[in-house]
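Visitor: Dropping the structure in here first, questions after.
The values are calculated or read from the model by the stated rules, or taken from the named source; none is laboratory data. Predicted, not measured: the structure shown is a model, and the values here were computed from it. All Cβ positions, glycine included, derive from the backbone under ideal geometry; neighbour counts span all protein chains shown. For accessibility, only protein heavy atoms count, side chains too; no ligands or nucleic acids. Shrake-Rupley method; radii C 1.70, N 1.55, O 1.52, S 1.80 Å.
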Amino acid sequence: MWNNALNLTVIAWLGQFTMASAHFNQIVHYISGSNLVKGYPMMAAIWFFWCRDTDPKLNTRRIIIGTLAACMVAVFVARVVNTIGPFQPRPIANTALIALSYIGLPPPETQALYIWNSFPSDHAAMYLSLAAGLFLISRTFGVFAYLYVLIFICLPRMYLGLHYTTDIIAGGVLGIGCTLLFNSRPVVRLYEKQYAQLLARYPAAFQTVLFLLSIELSMTFSDIRELLEGIVKYLH
């Protein structure tokens, strides 16, 4: 699956820069793991539109609810496929490829990267799902959101050998598809009335829960996953 012309061409092109600058590698490494760069700007944009467009006629808040739901479903589906799908080693752990070396970066602290399936990218699924929702709210802002995700989230993960191009494409198709599905009229009818009633009846509690959910999404549920992994290890 991974050894197609597109993946190999992109890996070869990006690989020519890995030994050029230690400072550049360190910056890219920071960006790839920083919630300050990844999740916070996207969620800040979501909350900006939530607070700005309070008129129900604008449908902004309904789109945000649908987008956040779609985002969670996209990440869930991506993780399921990661778990039960055919194993595909990440580029950095693929012994069939020329070993990738990054000047200025220490070796990985954990071997988890070498045992995780790379396909599809849950990062691409989540953040391109959010970008699709922002595009539905504002075409202009949505274009910038798409570019931001591609440049600051997807490209660093390909550069560092965490994902192939096809991983990103598959994750993006999954995320954008989920957002479009959850904002389609047949699906909107399933939750629109209930969401409006909850927001009208319990505005403080509803928005508090939504805020907490957005925090977890911005961190890709990392703390919850660590907690669950700790519980599983303890039970075993």
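Visitor: Quick check: pseudo-label points 7 Å beyond the Cα along Cα→Cβ at residue 84 and residue 139, how many nm apart are they?
Guide: With each label point 7 Å from Cα toward Cβ, the separation is 4.0 nm.
Visitor: Can you give the angle from 0 to 90° between the axis of helix 165-182 and the longest principal axis of the chain, with both taken from C-alpha atoms, to the nearest 10?
Guide: 10
Visitor: Pairs of alpha-carbon atoms within less than 8 angstrom and 6+ residues apart define the contacts here; what relative contact order does the chain have, in percent?
Guide: Computed over the chain, the figure is 28 percent.
Visitor: Using label points projected 7 Å from each Cα along Cα→Cβ, tell me how many nm separate residue 235 and residue 190, to one decimal.
Guide: Taking the two extended label points, one gets 2.8 nm.
Visitor: Summing +1 for each Lys or Arg and -1 for each Asp or Glu, what net charge is found among the other residues whose Cβ lies under 13 Å from the Cβ of residue 85?
Guide: In short, -1.
Visitor: Now a separate question. Binning every alpha carbon pair distance of segment 17-90 at 10 Å from zero, what are the percents per bin?
Guide: Once binned at 10 Å, the Cα pair distances of segment 17-90 give 15, 26, 29, 22, 7, 0.
Visitor: Can you tally the net charge around residue 136? Count Lys and Arg as +1, Asp and Glu as -1, for every other residue whose Cβ sits under 14 Å from the Cβ of residue 136.
Guide: +3
Visitor: Per residue of segment 63-69, what does 6.51 cos²θ - 1.76 cosθ + 1.60 with θ = phi - 60° give for ³J(HN,Hα)? Whole Hz please, x for Gly and Pro, Karplus curve as stated.
Guide: With the stated coefficients, segment 63-69 comes to 5, 5, 4, x, 5, 5, 5 Hz.
Visitor: Taking the simple approach of a point 7 Å from Cα along Cα-to-Cβ for both residue 228 and residue 212, what is their distance in nm?
Guide: Simple spin-label model gives 1.7 nm for this pair.
Visitor: Now for a different question. Taking only Cα atoms and a 10 Å spring cutoff, compute GNM fluctuations for the chain and point out the largest among 63, 151, 84.
Guide: 84
Visitor: On to the next question. Quick one: net charge of residue 72's neighbours, Cβ under 12 Å, K/R +1, D/E -1?
Guide: Counting the neighbours of residue 72, the net charge comes to -1.
Visitor: Taking Rh as the Kirkwood radius, which is the inverse of the mean 1/r over Cα pairs, what is the Rg/Rh value for the chain?
Guide: Answer for the chain: 1.00.
Visitor: So what's the back-of-envelope 222 nm ellipticity for the chain, counting only DSSP H runs of four-plus at -39500 (n - 2.57) apiece and dividing by all residues, rounded to 500?
Guide: Taking each H run of at least 4 residues, the total per residue is -22000 deg cm²/dmol.
Visitor: What residues have an amide H closer than 5 Å to that of residue 220, excluding those fewer than 5 places away on the same chain, when H is modeled at 1.01 Å from N in the peptide plane?
Guide: Amide H neighbours of residue 220, under 5 Å, 5+ apart: none.
Visitor: May I pose another question? In whole Å and largest first, what semi-axes does the C-alpha gyration tensor of segment 22-63 yield when each eigenvalue is scaled by 5 and square-rooted?
Guide: So the equivalent ellipsoid measures 34, 7, 6 Å along its semi-axes.
Visitor: Where does each of 229, 192 land when they are ordered by accessible area, with a 1.4 Å probe and the largest first?
Guide: From most accessible down to least: 229, 192.
Visitor: Using a 1.4 Å probe on the protein chains only, how many percent of the accessible area of segment 161-201 belongs to carbon and sulfur?
Guide: Its accessible area is 69 percent carbon and sulfur atoms.
Visitor: Relative to the longest principal Cα axis of the chain, at what angle does helix 139-149 sit, 0 to 90 degrees, rounded to 10?
Guide: Once rounded, one gets 30 degrees.
Visitor: Expressed as an acute angle from 0 to 90° and rounded to the nearest 10, what is the orientation of the C-alpha long axis of helix 122-137 relative to the principal long axis of the chain?
Guide: Once rounded, the angle reads 40 degrees.
Visitor: Taking the chain as a Gaussian network, Cα atoms linked when under 10 Å apart, which of 20, 74, 132 shows the biggest mean-square fluctuation?
Guide: Fluctuation is largest for 20.
Visitor: Kindly write out, for segment 39-51 in residue order, the coupling ³J(HN,Hα) from the Karplus curve 6.51 cos²θ - 1.76 cosθ + 1.60 (θ = phi - 60°), rounded to whole Hz, with x marking Gly and Pro.
Guide: Calculated HN-Hα couplings, in order: x, 4, x, 5, 6, 4, 5, 4, 6, 4, 6, 4, 6 Hz.
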